[in-house]
1. Identify all residues within segment 148-159 that are crowded, with 18+ Cβ neighbours inside 10 Å and either within 14 Å of the ligand (Cβ to nearest atom) or under 17 Å from residue 83 (Cβ atoms) (or both); write none if there are none.
2. Take segment 101-145 and flag every residue that is away from the ligand (no atom under 16 Å from the Cβ), closer than 16 Å to residue 156 by Cβ and outside any helix (DSSP H, G or I).
3. Taking the stated definitions as given, is residue 244 surrounded by fewer than 21 Cβ atoms within 10 Å (Cβ to Cβ), closer than 25 Å to residue 111 by Cβ and at pLDDT 95 or above?
4. Evaluate the following for residue 208: is it buried (at least 22 other Cβ atoms within 10 Å of the Cβ), under 20 Å from the mean Cα position of the chain (by Cα) and modelled with pLDDT of 95 or more?
5. Does residue 177 fit the bill of being surrounded by fewer than 19 Cβ atoms within 10 Å (Cβ to Cβ), outside any helix (DSSP H, G or I) and touching a helix residue (DSSP H, G or I) at 6+ places or on another chain (Cβ under 8 Å)?
6. What pairs can you find where one residue is in segment 85-114 and farther than 18 Å from residue 199 by Cα, the other is modelled with pLDDT of 95 or more and not in a strand (DSSP E or B), and their Cβ atoms are less than 6 Å apart, with a gap of 6+ or different chains?
7. Among the numbered criteria (1) touching a strand residue (DSSP E or B) at 6+ places or on another chain (Cβ under 9 Å); (2) over 24 Å from residue 62 (Cβ atoms); (3) within 16 Å of the ligand (Cβ to nearest atom), which one does residue 313 miss?
8. Please determine whether any residue of segment 185-195 is closer than 21 Å to residue 99 by Cβ and either out of contact with any strand residue (DSSP E or B) (no Cβ under 9 Å at 6 or more places or on another chain) or crowded, with 20+ Cβ neighbours inside 10 Å (or both).
Ligand code: XIL
């Protein structure tokens, strides 16, 4: 969709929505349609991404915002193994192709999420009937087929997501570990590298900014990888945080450890819970301002990293109602940068201020 000036864009969307062509709520123009706000991608010296679901790509209001504000896309769901791998050597490519096409048409880069994750192992692999060698070969075929198909189009991959247990940092006893052994991580990263010599390879996880055991486990894995020349370009910190926790110093400490190791850092799934204790039924102005200050501080910390270590900041969703957190935690929640009416929240301007005020 050609970029329209904001007022015209809102008028078009309003007409479109009024026609009831989609399930989107009617567009409510901000207080003043002359209010033009700057896209984050235009203010940022690094990609600013958003997690999208292929099922929402036909939504005009979302498209207008996505191409105005962001420069990178992560598939919130469709690139995971369970939806993509329908059987050995069988793939549901359509949704992924649509998402990659969508991003390319808007000059947006694509981050692949995620090749190996214990939570999205398809049943055919989880209950694999063959021997361990056949299991590993099935994994190799999967990684090779997927990474090769999008070579040059998906510039980075979360190769492994969430491999370590909360609280202990022990290696999760996933099917990958059970069938391939404790060094499965090394092997799947090498498989991805063999499939594409230039794609950036990430390890992605949550918790290293509040769970010392998990932080240690991830850093030990990085050190082991670097000692043994296992390909690894960066670490994704998911950044599912709240408006007041964890302390910013926990975030900067973990990022500094990764900088010391020469790695790229991806704030890969940023959302900022405004209602972690369930004390709100609506987003109050005070909590919204606290959320804004939190976003500004986090983006400011990322801005302070050396340029070579800043991969991207990706929001884990576009509109507040899109957020996975609502179902996951069961509380009313407003954790993203845009409200249900596609309007930028104070948190959006916190992000923008951090970009525009950077030293
Ligand atoms: C979540 C998506 O947001 C949901 O839509 C989906 O139903 C489940 O997965 N950490 C991750 C993400 O790495 O892949 C998860 O995304 C959220 C937690």
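1. 150, 154, 157, 158, 159
2. 108, 109
3. Numbers: surrounded by fewer than 21 Cβ atoms within 10 Å (Cβ to Cβ): yes; closer than 25 Å to residue 111 by Cβ: no; at pLDDT 95 or above: yes.
It is false that residue 244 is surrounded by fewer than 21 Cβ atoms within 10 Å (Cβ to Cβ), closer than 25 Å to residue 111 by Cβ and at pLDDT 95 or above.
4. yes
5. Values: surrounded by fewer than 19 Cβ atoms within 10 Å (Cβ to Cβ): yes; outside any helix (DSSP H, G or I): no; touching a helix residue (DSSP H, G or I) at 6+ places or on another chain (Cβ under 8 Å): yes.
Considered against the rule, which asks whether it is surrounded by fewer than 19 Cβ atoms within 10 Å (Cβ to Cβ), outside any helix (DSSP H, G or I) and touching a helix residue (DSSP H, G or I) at 6+ places or on another chain (Cβ under 8 Å), residue 177 comes out as no.
6. 85/122; 85/142; 86/92; 87/124; 88/138; 91/84; 92/84; 95/78
7. Failing condition for residue 313: (2).
8. yes
The values are calculated or read from the model by the stated rules, or taken from the named source; none is laboratory data. Every value quoted in this text rests on a predicted model; they were computed, and no experiment measured them. Glycine also receives a Cβ, built like all others from the backbone with ideal geometry; neighbour counts cover every protein chain displayed.
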